[in-house]
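The values are calculated or read from the model by the stated rules, or taken from the named source; none is laboratory data. Keep in mind it's a predicted model, so treat the numbers as computed, not measured. As a convention, Cβ positions derive from the backbone with ideal geometry for all residues, glycine included, and neighbour counts pool all protein chains shown. These accessible areas exclude ligands, DNA and RNA; they are computed on the full protein's heavy atoms, side chains included. Shrake-Rupley method; radii C 1.70, N 1.55, O 1.52, S 1.80 Å.
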Amino acid sequence: MIGKIEQLLQEVEAMEAANADELEALRIKYLSKKGAINELMADFRLVPAEQKKEVGMRLNELKNKAQEKIAALKERFENMDNGSEEMDLTRTAYPIELGTRHPLTIVKNEIIDIFARLGFSIAEGPEVEDDLHVFTKLNFAADHPARDMQDTFFIEQNEEDVTKNVILRTHTSSVQVRAMEHAEPPIRIICPGRVYRNEAISYRAHCFFHQIEGLYIDKNVSFTDLKQVLLLFAKEMFGEDTKIRLRPSYFPFTEPSAEMDISCNICGGKGCPFCKHTGWVEILGCGMVDPHVLEASGIDSKVYSGYAFGMGVERITNLKYQVKDLRMFSENDTRFLREFEAAY
Ligand code: PHE
């Protein structure tokens with residue numbers, strides 16, 4: 001009898017159940033009316049009197065142990081999440097949502113890729129700049145309206161000497177100035193980056209936006225080179241059928257200067273509300289670098305010439321994706337950002 005009890009004790013201690021059904025089967029096997037322990041209890045009357053005390057104690061011990069063990073196993077199931085009987089340990093703990101690239105980043109990368117294939121490298125510079133690099137060395141007269149409080153955010157204003165002003169850059173042409181100061185031609189760079197202008201925020205203007213400006217300085221660089229590069233850019237960006245048109249314009253740092261339109265990529269040039277029925281939309285400013293600008297940064301304008309161009313990334317993105325409200329770009333509304341999931 002003692003031997004049988006010992007054997008059952010061992011079995012009880014080793015009991016394991018993978019689910020509630022298995023646990024119930026164990027309970028029936030050991031603790032039910034017809035279970036192994038009750039059978040032993042029934043045999044108790046056959047135990048010789050002198051052994052009754054010890055066998056009784058051992059039997060009680062066995063019964064308690066079995067009850068405790070079953071209760072412990074049961075508790076383990078109940079503590080499991082949602083009481084499910086099986087746990088998939090390979091499941092991810094939380095669903096991980098993948099982010100998407102910002103539409104401005106997508107378009108910026110696309111523009112950079114096109115110019116990188118043409119041999120342009122990327123140059124970057126500070127967003128907090130001095131007047132010298134944003135205006136003075138770019139041939140802005142001291143009273144040029146672009147220096148006005150209307151457009152420029154001032155960090156430090158110097159009453160006596162405007163060239164000592166510390167400002168937020170209003171265009172990335174400042175990076176081109178820094179490149180001209182430090183590098184010998186040939187210089188072939190594009191300057192992507194955020195720029196700031198003190199404008200009231202509306203659907204068509206923001207106090208910051210993004211630009212990509214380009215600069216090429218070498219011997220014998222001509223307007224034809226500029227036109228060729230910009231035509232290639234327009235075709236790569238907006239499709240093989242895209243036409244370009246250059247209109248005379250004015251920038252202090254280029255002479256001659258032009259603004260470039262592309263044939264409206266929405267109506268194909270036929271005329272639609274987007275291009276105000278003209279068939280053309282403006283996308284960038286450009287021109288031949290003014291000799292004064294070259295000289296101001298130590299480049300001999302008798303030996304070298306160059307072209308420059310600059311475009312707004314928001315503008316190009318609007319044309320590509322018809323985003324009607326500029327503010328969408330900086331509101332971080334995931335419903336908007338998710339629309340660009342498929343783009344690269
Ligand atoms: N810097 C000009 C702007 O911010 C763009 C530009 C760059 C125009 C280079 C001509 C040449 O609007």
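A few remarks follow.
- Here residue 170 passes the criteria (1) within 21 Å of residue 144 (Cβ to Cβ); (2) open to solvent by less than 40 Å² (accessible area, probe 1.4 Å); (3) part of a loop (DSSP other than H, G, I, E, B); (4) away from the ligand (no atom under 11 Å from the Cβ) except the one numbered (4).
- For the stretch 191-201, taking the residues that are away from the ligand (no atom under 11 Å from the Cβ) and at pLDDT 95 or above, the one that is most open to solvent (accessible area, probe 1.4 Å) is identified as 194.
- Answer from 313, 323 - the residue that is of a type in the set (Val, Ile, Thr), under 19 Å from residue 101 (Cβ atoms) and more than 14 Å from the ligand (Cβ to nearest atom): 323
- Close contacts from the stretch 302-319, counting a first residue that is among the polar types (S, T, N, Q) and a second that is open to solvent by less than 20 Å² (accessible area, probe 1.4 Å) and in a loop (DSSP other than H, G, I, E, B), with Cβ to Cβ under 6 Å and a gap of 6+ residues or different chains, come to 305/221.
- If you go through the stretch 1-30 and pick out every residue that is exposed (fewer than 13 other Cβ atoms within 10 Å of the Cβ) and farther than 30 Å from residue 79 by Cα, you end up with 4.
- Filtered by the rule that a residue be within 14 Å of the ligand (Cβ to nearest atom) and either part of a loop (DSSP other than H, G, I, E, B) or in contact with a strand residue (DSSP E or B) (Cβ under 6 Å, 6 or more places away or on another chain) (or both), the stretch 145-166 gives 151, 152.
- In the stretch 83-105, the residues that are in a loop (DSSP other than H, G, I, E, B), under 30 Å from residue 316 (Cβ atoms) and at pLDDT 80 or above: 99, 100, 101, 102
- Every residue from the stretch 289-321 that is basic (Lys, Arg) and modelled with pLDDT of 95 or more: 302
- Filter result for the condition that a residue is open to solvent by 100 Å² or more (accessible area, probe 1.4 Å) and either on the phi > 0 side of the Ramachandran plot or at pLDDT 85 or above (or both), over 65, 33, 108, 69: 33
- Only residues that are in a loop (DSSP other than H, G, I, E, B) and either crowded, with 21+ Cβ neighbours inside 10 Å or in contact (Cβ under 8 Å) with a residue 24 or more places away in the chain (or both) were counted in the stretch 258-267, giving 3.
- Number of the exception - residue 309 against (1) crowded, with 21+ Cβ neighbours inside 10 Å; (2) more than 34 Å from the chain's Cα centre (by Cα); (3) under 27 Å from residue 113 (Cα atoms): (2)
- Evaluation of residue 122 against the conditions (1) β-branched (Val, Ile, Thr); (2) touching a helix residue (DSSP H, G or I) at 6+ places or on another chain (Cβ under 9 Å); (3) surrounded by 15 or more Cβ atoms within 10 Å (Cβ to Cβ); (4) at pLDDT 95 or above shows that the sole unmet condition is (3).
- Near pairs, Cβ below 9 angstrom, 6+ apart or cross-chain, from the stretch 73-90 (closer than 16 Å to residue 22 by Cα) to any residue that is of a type in the set (Phe, Trp, Tyr) and modelled with pLDDT of 60 or more: 83/77; 85/77
- Hits in the stretch 268-316 (condition: in contact with a strand residue (DSSP E or B) (Cβ under 8 Å, 6 or more places away or on another chain) and either among the basic types (Lys, Arg) or assigned to a loop (DSSP other than H, G, I, E, B) (or both)): 269, 279, 290, 299, 304, 315
- Among the residues making up the stretch 277-306, a single one is of a type in the set (Gly, Ala, Ser), open to solvent by less than 10 Å² (accessible area, probe 1.4 Å) and within 10 Å of the ligand (Cβ to nearest atom): 287.
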